[in-house]
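Comments concern the structure below.
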Amino acid sequence: LLWNPVAVVTSIGRVTGSLALVSLNIVGIISARAFEEQRRSRFDAESHERKLRRELSVKLAELAVEKDRVEALSRARTGFFAVMSHEFRTPMNAVIGLSDVLLDMPLEQESREHVHTINDSARALLTLLNDILDFAKIDAQMLRLSPAPFDPRALLTSVIEMLRPAARARSNELMLEISPDVPQGLLGDDVRLRQVLVNLLSNAIKFTERGAVRLQLTVIQESQGDPMLQFRIQDTGIGMSPEVRARLFKPFEQGDGSITRRYGGTGLGLSISRQIVLAMGGDILVESEPGNGSVFSFTLRFPVAKAWSRSASLALLKSSSTRAPLTILVVDDHPINRKVARARFGQLRYAIDLASNGKEALEAVQRKDYDVVFMDLQMPDMSGIEATERICELLSGKRLPHIIAMTASVFEEDREACKRAGMHDFVGKPIDLAHIDSVLARVAEERSAAMQTEEVEHAVAPVLSKVL
């Protein structure tokens, strides 16, 4: 056969062109399909995203409603506890206060035993109320610390002296050991620290019969920054098994039912104490064996208080008989509370004036120059906060009295409101004589120092005027 090379090349070119065209068509079809799939994928993704956004928007709206509901419940619970605290503490202030007054009087043995029972029962009820309120605040994440300068030696000494009668009643020796290198002034919440120490020591005393309870405070680290202090409470009591220790810090639980029946208690105290120590940056550790006693310990780091005077620390431990007299006004709308206040301040050898509302308090501070005003917060017509603000306005530019909130309210919000209004201190009801005593000691110290400064200024003023 004859063949033409030119025709062959032409045919090959045509076939190649056809194949290329077919290839291009195939690529185009594939690209179109890929593009369509991508477009559909984007459309599906955008639709899914819009759906998720709608669902998220609905969920956020539901969460916002739930948040408002929870906050409303929290406010309602806080208000409920505030009201209940006030209503419980007002009659308990009378029961504890007047029974304390009776115990200072000469009584027949049987009558004294009855009054002791009333007083002990009321204090047990107060402890239970405090535990429930603290547990509610911790549960609602409302536990707040209020750091202030304090003397650890004075704090531990006062705790030991407060619990010594309870230890003596169970034939226990109560001992205190403080390392000499413990700083004199620290910065921390001494009220909450006292609560933890009282709780742990009270438990140690309760579960120890005819033995010894020891409180130790040592510095375990001070080379790097603020000192780390270890608090150690050791007893020779009944001890605990590992199973009991595992349940020790659970609320409303004690070691076992026999302990509850024999020793009483709600099991809240240790749970609350641990939460307080955790809030301070530490934890409570327990070492114990059945029959060989227990050791509770915790370590906390405290900044050293920069502005701390030895005289302020010693003032907390002075006897009221050595102080200069103070003019005192107590403002309370409840007649029983006023009666209790007169009796309780009388035990400290202080004479007081009384006012039944904010208006009478305003009139009283204008008639007389008071050193101290104890102000109730919840009063009709004019609250203690408003009365304090009015007193600060009336006496602007003059010497203000040392205004102290004396109330059944125990919430931190009230403390902050008192500070903003111009109050200097905050004491609770029922009236704690040791606390009142320490506050008045500090006021007397401050007033004495201020008077000495004024006397020096009056003495120096004529000399300076002549020189100038």
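What the table below lists for this structure:
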quantity	calculated
The stretch 164-240 shape via C-alpha gyration tensor axes, a/c threshold 1.5	prolate
Solvent-accessible ranking of Ile29, Ile238, Ile160, largest area first, probe 1.4 Å	Ile29, Ile238, Ile160
Beta bridges by DSSP in the stretch 129-222, antiparallel share as percent, to the nearest 5	35 percent
Residues of type aspartates and glutamates that Lys398 reaches as a straight line, Cα spacing below 12 Å, ignoring anything fewer than 8 places off in the same chain	Asp369
Interchain or long-range residues, amide H under 5 Å from Met228's placed H	Ile220, Gln221, Glu222
Hz values of 3J(HN,Hα) by residue in the stretch 369-378 - Karplus curve (6.51, -1.76, 1.60), Gly and Pro given as x	8, 8, 7, 9, 10, 8, 10, 6, 8, 8
Three-way shape call for the stretch 42-107 based on the alpha-carbon gyration tensor, with the a/c threshold at 1.5	prolate
Area accessible to solvent at Met162, 1.4 Å probe radius, in Å²	90 Å²
Exposure of Ser202 as accessible area (Å², to 10), given a probe of 1.4 Å and all protein chains	40 Å²
Cα gyration tensor shape for the stretch 321-402, rounded if a/c is under 1.5, else prolate or oblate	oblate
Distant-in-sequence amide H partners of Gly237 (H built 1.01 Å from N, under 5 Å)	Gly293, Ser294
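The values are calculated or read from the model by the stated rules, or taken from the named source; none is laboratory data. In this text, all values refer to a predicted model and were calculated from it rather than measured experimentally. Only protein heavy atoms, including side chains, enter the accessible area calculation; ligands, DNA and RNA are left aside. Shrake-Rupley method; radii C 1.70, N 1.55, O 1.52, S 1.80 Å.
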